[in-house]
1. Would you confirm whether any residue within region 247-255 is touching a strand residue (DSSP E or B) at 6+ places or on another chain (Cβ under 9 Å), in contact (Cβ under 8 Å) with a residue 24 or more places away in the chain, under 23 Å from Q34 (Cβ atoms) and crowded, with 24+ Cβ neighbours inside 10 Å?
2. When you check L371 against the structure, is it over 22 Å from F47 (Cβ atoms) and open to solvent by less than 10 Å² (accessible area, probe 1.4 Å), yes or no?
3. For region 17-43, name all the residues that are within 21 Å of M228 (Cβ to Cβ) and among the aliphatic types (A, V, I, L, M).
4. Pairs only if they're at least six apart or on different chains, beta carbon under 7 angstrom, first in region 71-92 and over 20 Å from E233 (Cα atoms), second small (G, A, S) and open to solvent by less than 40 Å² (accessible area, probe 1.4 Å); list them, first residue then second.
5. If you go through region 50-70 one residue at a time, do you hit one that is among the hydroxyl-bearing types (S, T, Y) and modelled with pLDDT of 95 or more?
6. Which one of these is free of Cβ contacts under 8 Å to residues at least 12 places away in the same chain, open to solvent by less than 70 Å² (accessible area, probe 1.4 Å) and part of a helix (DSSP H, G or I): G65, G151?
7. Quick one: which residue in G324, G287, G307 is part of a loop (DSSP other than H, G, I, E, B), of a type outside the set (D, E, K, R), out of contact with any strand residue (DSSP E or B) (no Cβ under 9 Å at 6 or more places or on another chain) and modelled with pLDDT under 95?
Amino acid sequence: MVDIATRVWNHKWKIDPIVRSLIDTDFYKLLMCQSVFRNKRTTKVTFSLINRSKDVPLAELIDEGELREQLDHIRSLSLSRGESTWLRGNTFYGKRQMFRPDFMEWFENLRLPPYHLERKGDQYELTFEGDWPEVMLWEIPALAVLMELRGRSVLNRMGKFELQVLYARAMTRVWEKIENMRDIPGLSIADFGTRRRHSYLWQDWCVQAMREGLGSAFTGTSNCKIAMTRELEAIGTNAHELPMVYAALAETDAELAQAPYDVLSDWHDEHEGNLRIILPDTFGTKGFLDKAPDWLAGWTGIRVDSGDPATAAETAIAWWKARGEDPGNKRIIFSDGLDVDKIRALHSRFADQVNVSFGWGTLLTNDFRKLVPDDRLAPFSLVCKAVEANGAPTVKLSDNPNKAMGPIAEIERYKRVFGVGDQIAQEVIV
């Protein structure tokens, strides 16, 4: 097993690349990338870093030269032969050759496009522009680099024994969480913690601990590199990015209203079974489900990623019943701000009504809260989102107005088109 504390100590005297592979990313990124490659390949997009936690001054904590060094290293990466073989030949969700030959040929020759980095006060402005399939693959590695460099800025001030004790305490915390879930009957949980992890080595350790501690209840990881290395299931479907960009390309209100369903129509043509999971909250869950075509009710399940999770689950169950579907044959995947208490409560409330799964993210792979003075290693809310498509701004409403993004006028237009009324603001945990 890797001695993480020693490796962290060694960061002090040589560069240790944070991202070492293009498949050190979430599985749904690659699934979405293939869909975009097929359907919207020439769409021009801009992605931008958004630090929701303004109290974390990234530009003061992270040296710009070191950040550029890490980003430049990512631009030098390409798929290895082993990675290509794994993607081409492995079975994902019961399907062999999930990734088409034309997509794989493109991916094997890919180098990520240039980035723009500029300091603005105590924050960094980091943007990526170009063809959608290329630019979208910057999101996860960019977040991983910023999160880990921020952590290194704190860890670099610590001695070797202090680091040993820190990681011992963090490991104990993770293991106690795992022990606290062992008695949950029929638990189904996966690692979703790549984008805001403490580090790659730490995520890898957490995944191994989950596998040993939870056995078959642990269903896999969203991280492709770890899934390949540890011979685990790669877990994931799709994300808000698709409807946000499709909607931005709409020229009329009618096209805008139809855009979220066009996304899933394209997805329906490519995937089946457990990959047919609806993410309905991009522009408000209730309005999305109320206007959804009947064929969507036949999909496998729904992922809940914002707002009050219990309310969203009740809405989904009621929708299935109204469409003549048996919720007992459906799946709800909870994935927003999860920790043990919330996982236990949601499982207890819904497991007898629907198949319940959990995508456990930041509070699995980056829970160092209260472990150093001034809580300087606490996780924070950092995202990298598509902000523009073919010159038009993107919008996300969410079921939590604190997660909304986009120009104010466009947000109001989207609320009108999608029939979003008053919303209850929820604390954005991570």
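1. yes
2. no
3. Those that are within 21 Å of M228 (Cβ to Cβ) and among the aliphatic types (A, V, I, L, M): I18, V19, L22, I23, L30, L31, M32.
4. L77/S21
5. no
6. Details: G151 fails: free of Cβ contacts under 8 Å to residues at least 12 places away in the same chain.
The conditions single out G65.
7. G307
Conditions tested, residue by residue: (1) closer than 14 Å to R197 by Cα; (2) in a helix (DSSP H, G or I).
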{"residue": "D341", "(1), (2)": "no, yes"}
{"residue": "H347", "(1), (2)": "no, yes"}
{"residue": "V356", "(1), (2)": "no, no"}
{"residue": "L363", "(1), (2)": "yes, yes"}
{"residue": "L371", "(1), (2)": "no, no"}
{"residue": "D374", "(1), (2)": "no, yes"}
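The values are calculated or read from the model by the stated rules, or taken from the named source; none is laboratory data. All values reported here derive from a predicted model rather than from experimental measurement. Note that each Cβ is placed from the backbone with ideal geometry, even for glycine, and that neighbours are counted across all protein chains shown. Side chains included, ligands, DNA and RNA excluded: accessible areas come from the protein's heavy atoms. Shrake-Rupley method; radii C 1.70, N 1.55, O 1.52, S 1.80 Å.
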